[in-house]
Amino acid sequence: MSQGEARIDLETSVGYLLKEAASALRTSMETVLRPLGMNITHYSCLELLAQRPGLSNSELARGAFVSRQSMNVLLHSLEEDGFVSRAREAPEGRARPTELTESGRIRLAAASAAVRGVEDRMRSGLSSTEQEQLRAHLAACVVSLAGPDRARGDSS
């Protein structure tokens, strides 16, 4: 195979298009979250805790796609700001469960509305059927690359 045949055509590359879409989504989300004093990792952490109260630092890090160290720094900051509370001691092992405070819920409501607006704008050119197909196709891509547990967000 020649060197020219090994190249990927960026005009037709699904991977490149996904990266471009992810970058545009991230930029738009950061833009709407910034006035709220948040970034995507802050938002992700609060959203995860709203949907799965009691997650540990490691579980939150996996869910927000950051390192445990980065999540630990973020959790300290969120705790100092009064948006989350963490158990003083781990009920078992070393993992200290984390939960949203009322202030955290209020902050999350504003952030969720802003992010929902970005997602609505992103999907605005698609019919409801196309939106569901896009979601299903992207989920299938995740399963194909990472396995079924990863697609569902399981931590195993």
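Read-outs: derived from the displayed coordinates by stated rules, not from any lab. Model, not experiment: these values are computed from the prediction. Positions of Cβ are backbone-derived with ideal geometry, glycine not excepted, and every protein chain shown enters the neighbour counts.
Cα gyration tensor of segment 80-128, axes a ≥ b ≥ c as square roots of the eigenvalues: rounded (a/c below 1.5), prolate (a/b > b/c) or oblate?
On the way: a/c = 5.52, a/b = 2.43, b/c = 2.27.
Prolate is the answer for segment 80-128, as a/c is 1.5 or above and a/b outweighs b/c.
Averaging sequence separations of C-alpha pairs under 8 Å and six or more residues apart, then dividing by the length of the chain, give the relative contact order as a whole percent. Numbers along the way, then the final one.
On the way: 131 pairs, mean separation 32.4, N = 156.
Over the chain, the number comes to 21 percent.
What does the extension gain come out to for Ala24 and Ala140, with contour length at 0.36 nm per residue minus their alpha carbon separation?
Numbers: separation 116, 0.36 × 116 = 41.76 nm, distance 2.16 nm.
Separation in residues times 0.36 nm, less the Cα-Cα distance, equals 39.6 nm.
Okay, helix-only estimate at 222 nm for the chain: each DSSP H run of n ≥ 4 adds -39500 (n - 2.57), divide by all residues, round to 500 deg cm²/dmol; what do you get? Intermediate values should be presented prior to the final figure.
Working: 8 runs with 103 residues, N = 156.
Result for the chain, helices only: -21000 deg cm²/dmol.
At 7 Å along Cα-to-Cβ for each site, give me the label-to-label distance between Ser112 and Ser127 in nm.
Computed distance between label sites Ser112 and Ser127 equals 3.1 nm.
Enumerate the amide H contacts of Val84 below 5 Å, restricted to partners 5 or more residues apart or on another chain; note that Pro and chain-start residues carry no placed amide H.
For Val84, whose amide H was placed from the backbone, the distant partners under 5 Å are Glu79, Thr101.
Give the dimensionless ratio obtained when the Cα radius of gyration of segment 37-118 is divided by 2.2 N^0.38 Å. Don't skip to the answer; put the middle values down first.
Details: Rg = 12.0 Å, N = 82, 2.2 N^0.38 = 11.7 Å.
Expressed relative to 2.2 N^0.38 Å, the Cα Rg reads 1.02.
Using only Cα atoms, find the angle between the long axis of helix 102-123 and the longest principal axis of the chain, and express it within 0 to 90 degrees, rounded to the nearest 10.
Value to nearest ten degrees: 10.
When averaged across all projection directions, what area in nm² does the alpha-carbon convex hull of the chain cover?
Numbers: hull surface 49.5 nm².
Averaged projected area of the chain's Cα convex hull equals 12.4 nm².
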